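The values are calculated or read from the model by the stated rules, or taken from the named source; none is laboratory data. Nothing here was measured: the structure is a model prediction, and the numbers come from that model. Here the Cβ positions follow ideal geometry from the backbone for every residue, glycine too, while neighbour counts run over all protein chains shown. To get the accessible areas, we keep the full protein, side chains included, count just its heavy atoms, and leave off ligands, DNA and RNA. Shrake-Rupley method; radii C 1.70, N 1.55, O 1.52, S 1.80 Å.
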Amino acid sequence: MFEYLVLAGAIALVVVIAGLSKWRNGRFSQRSKATTAGPSFDVEALGGELGERATLVQFSSAFCAPCRTTRVVLQQVADIVPGVTTMEIDAELHLDVVREHQILRTPTVLILDDSGTVVTRASGAPTKENVLASLAAHLPNLKS
């Protein structure tokens with residue numbers, strides 16, 4: 001009988017962890033304004049250009065299926081919001097940048113402000129609505 005209780009507890013724990021993981025997938029972190037400003041990101045050193053208002057940086061890898069969807073979503077957002085650009089970085093080719101920004105999985109999306117400061121990030125494939133909401137929440141100049 002005890003074995004069945006342990007098994008039931010383990011299954012319940014796995015279900016809860018899987019649910020939380022699925023819920024967090026693709027969501028941008030919601031840090032307070034005081035702690036939002038992250039490290040600066042050198043887009044030019046990686047061959048990109050900062051957007052006038054924001055830059056969406058995606059870390060991808062060759063075997064990542066959700067990365068293709070994320071690429072399309074970020075491009076759609078850049079097409080909708082003036083002054084927003086996108087940049088894709090191959091995580092396998094830029095391990096130094098991956099380590100510096102603590103990228104643990106692909107896709108990971110960083111949102112940079114107009115000066116190249118990381119204001120928020122999401123691990124997993126975000127929806128277009130999540131990206132637009134995060135841009136509006138973290139970059140006041142995009143609310144207009």
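Roughly to the nearest percent, how much of the accessible area of region 82-144 is carbon and sulfur, given a 1.4 Å probe?
Numbers: 1600 of 3040 Å².
Carbon and sulfur together cover 53 percent of it.
So with the 1.4 Å probe, I'd like the accessible area per residue for region 47-105, rounded to whole Å².
Working: 3350 Å² over 59 residues.
So region 47-105 comes to 57 Å² accessible per residue, rounded to a whole number.
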Practice problem: Describe numerically, in nm with one decimal, the distance between label points set 7 Å from Cα along Cα→Cβ at residue 129 and at residue 69. | Solution: 1.5
Self-check item: Relative contact order computed over region 35-144 (Cα-Cα under 8 Å; 6+ residues apart), in percent
Solution: 35
